[in-house]
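Peer 1: What follows is a single structure, and I will ask about it in a moment.
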Amino acid sequence: MMYPPWTSVGEAAKLLKAGEVVAIPTETVYGLAGNAFEPKALAKIFAAKERPTFDPLIVHIADIATLADVAKDIPDSAYKLAEAYWPGPMTLILPKKDCIPDLCTSGLQSVAVRFPSHPVAQAIIKESGLPLAAPSANLFKHVSPTTAQHVADQLASRIAGIVDGGPCTVGVESSIVSLTGEIPTVLRPGAITPEMVKKVLGRVAIKESTSKPGEAMQAPGQCDTHYRPQVPLYFGQVPEGFALPPHTVRIAFGNTEGPIPETVNLSKTGDMLEATAKLYAFMHDLDKPENELILVDPIPNEGVGMAINDRLKRASIKQLPK
Ligand code: TXA
Ligand code: MG
């Protein structure tokens with residue numbers, strides 16, 4: 001086989017029907033897809049990513065009608081949110097149907113479902129005729145891929161195919177909204193903000209990130225060390241006069257003034273959506289052995305900025321190196 005295994009939509013659908021795993025583009029990040037009904041395909045996803053099986057997968061569908069094939073006891077609130085924000089960067093947690101294997105949900109009685117807006121993702125789901133389980137197509141705990149090349153760099157030799165759908169336009173993983181409790185609850189911030197959920201359902205809760213360094217995970221997927229590059233990354237203001245290592249690089253937001261020659265800008269105009277779309281690509285680009293430290297400037301913790309802050313806090317070392 002050729003590496004990287006670049007693949008067409010038609011070929012990807014065939015591979016998926018045959019139980020293989022294929023990386024596919026979505027508007028948020030690239031996903032590593034497999035038949036959500038087939039435990040052997042799910043096992044291949046966990047193996048390729050070196051992901052522990054206690055971290056459940058998101059099931060991708062290509063129309064709202066398919067929701068009832070994978071979830072049961074679906075409340076009206078799910079259809080209201082789906083009408084408002086699907087297809088798009090929003091995942092809903094709902095009670096699972098028996099046809100969804102335990103491996104997909106890590107034994108939980110609920111399932112995560114998303115209808116992506118990327119036309120290539122939709123074409124692959126439709127042509128395969130399957131709901132596709134797909135976590136982000138990166139090695140466990142690494143930075144999520146926002147280009148097909150990012151996927152090839154991490155996973156090329158481990159998977160059956162990669163479909164190139166261009167750079168992801170959203171650039172950060174979907175918002176996860178649980179509808180299994182009394183109050184709709186945002187479990188992971190993303191481009192669909194809590195305010196947007198509240199606008200449709202009238203109320204919303206936000207689950208604070210539960211994992212703390214050195215403590216056991218209280219819920220799947222909330223590892224504090226997710227999203228870390230190999231090079232230490234520090235998110236936040238650096239104290240005045242602090243002696244930085246010589247090979248420090250910086251990711252700025254708006255204002256690039258300062259002493260670090262290698263500085264990239266998330267958005268010249270301070271546009272949060274542009275910044276979100278560029279963040280992971282910068283993290284991938286700067287994650288080179290010659291760099292000693294990646295600094296990321298503070299970013300306002302509002303709207304989609306909450307998603308950036310959430311990911312960067314997890315990516316960040318807790319203290320600057322002495
Ligand atoms: O944007 C996205 O959501 C991307 C693209 C590929 O669609 N996918 C993605 O998948 O980010 P992944 O595997 O990196 O994140 C899945 C997370 C889990 O770590 C967990 O936090 C949450 O979704 N999750 C999945 N099933 C769940 C469930 N039943 N209850 C609560 N959380 C769940
Ligand atoms: Mg992930």
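Peer 1: Give me the tail of P(r) for the stretch 228-315 as a percent: Cα-Cα pairs with distance above 19 Å.
Peer 2: Percentage above 19 Å: 32.
Peer 1: So, in Å, what gap is there between the alpha-carbon centers of the stretch 281-320 and the stretch 122-194?
Peer 2: For the stretch 281-320 versus the stretch 122-194, the Cα centre distance is 19 Å.
Peer 1: Taking N as the number of residues in the chain, what is its alpha-carbon radius of gyration divided by 2.2 N^0.38 Å?
Peer 2: 0.98
Peer 1: Right, something else. Exposure proxy check: Glu195, Glu290 ranked by fewest other beta carbons within 10 Å?
Peer 2: So the ranking, lowest neighbour count to highest, is Glu290, Glu195.
Peer 1: Return the Rg/Rh value of the stretch 1-160, two decimal places, where both radii are evaluated on C-alpha atoms and Rh is the Kirkwood radius.
Peer 2: Numbers: Rg = 14.5 Å, Rh = 15.4 Å.
Rg/Rh for the stretch 1-160 comes to 0.94.
Peer 1: Considering the Cα trace of the stretch 98-180, what is its radius of gyration and what is Dmax, both in angstroms?
Peer 2: Rg then Dmax for the stretch 98-180, in Å: 14.0, 38.
Peer 1: If neighbour count is taken as other Cβ atoms inside 10 Å, put His60, His150, His284 in order from fewest to most.
Peer 2: His284, His150, His60
Peer 1: What is the list of residues in the stretch 159-186 whose amide nitrogen lies under 20 Å from a point 7 angstrom out from the Cα of Lys207, following Cα to Cβ?
Peer 2: In the stretch 159-186, the label zone of Lys207 (backbone N under 20 Å from the point 7 Å along Cα→Cβ) covers 172-186.
Throughout, read-outs are computed from the coordinates displayed, never taken from laboratory work. The model shown is predicted, which means the values in this text are computed figures rather than measured ones. All Cβ positions, even for glycine, are placed from backbone atoms using ideal geometry, and neighbour counts span all protein chains on display.
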